[in-house]
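The values are calculated or read from the model by the stated rules, or taken from the named source; none is laboratory data. Just so it is clear, the structure is predicted and the values come from calculations on it, not from any experiment. Cβ sites come from the backbone with ideal geometry, for glycine too, and all protein chains shown count toward neighbours. These area figures cover heavy atoms from the full protein model, side chains too; ligands, DNA and RNA do not enter into them. Shrake-Rupley method; radii C 1.70, N 1.55, O 1.52, S 1.80 Å.
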Amino acid sequence: MPDPVDYAQLVETAGDAVVVSDALGLIVVWNAAAERIFGFTAEEALGQSLDLITPERHRRRHWDGYARTMASGQTRYGTEILRVPALHKDGRPLSIAFSVGLLFDGAGAVSGVTAIVRDDTRRWNDEREMRRRLAELEADARSAPIG
């Protein structure tokens, strides 16, 4: 018979960040991959607001969506990947890709959100550079003499 699953070990050793926040948006789970991606230790992140990693210019939209999710018990990001800007501890911008799952209490009310997060910064930068280069090539082609 296999050993029972050690969920704490599963979360801690996951290659992607596992970030769980409660109904108020306070961080209650922060694994080693979250430390690697965002630069904050678990001690620094636990009990803090998600503002810790949310750029200021995006906070209102984030919290409006968070409140709707808490009230409705529904999110469209359980099956879709959401790509958004985030912040590293050192202040540098990140691009993250993540999906979410909702946690429910015994009465069926939403009690928190689990996010599985991947650092998508390299892909985002590569695509931005590709778009820049394509625009240059298109401009060169438009300005080239014909014939």
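Computed about the Cα centre, the dipole magnitude for the chain is approximately 740 debye when only Lys and Arg (+1) and Asp and Glu (-1) carry charge, each at its Cβ.
Looking at the chain as a GNM with Cα springs under 10 Å, which of GLU127, GLU12, GLU136 has the largest mean-square fluctuation? Highest fluctuation among the options: GLU136.
Put simply, the Cα atoms of the chain extend 74, 37, 35 Å along their principal axes, the longest span coming first. Rolling a 1.4 Å probe over the protein heavy atoms of the range 11-118, with every protein chain left in place, gives an accessible area that is 54 percent carbon and sulfur. Computed from Cα atoms, the angle from the helix 59-72 axis to the main principal axis of the chain rounds to 50 degrees. When the chain is treated as a GNM with alpha-carbon contacts under 10 Å, the residue of LEU87, LEU24, LEU102 showing the greatest mean-square fluctuation is LEU24.
A DSSP coil position with no more than 15 other Cβ atoms inside 10 Å describes the following trypsin sites (Lys or Arg not before Pro) in the range 63-147: LYS89. Percent of C-alpha pairs per 10 Å bin in the range 1-59, short distances first: 23, 47, 22, 7, 2, 0.
Here is how the number arises for the chain: DSSP H runs of 4 or more residues each give -39500 (n - 2.57), the sum is divided by the residue count, and the result at 222 nm is -11500 deg cm²/dmol.
Projecting the Cα atoms of LEU26, ALA135, VAL100 onto the dipole axis of the chain, where Lys and Arg carry +1 and Asp and Glu carry -1 at the beta carbon, places ALA135 farthest toward the positive end.
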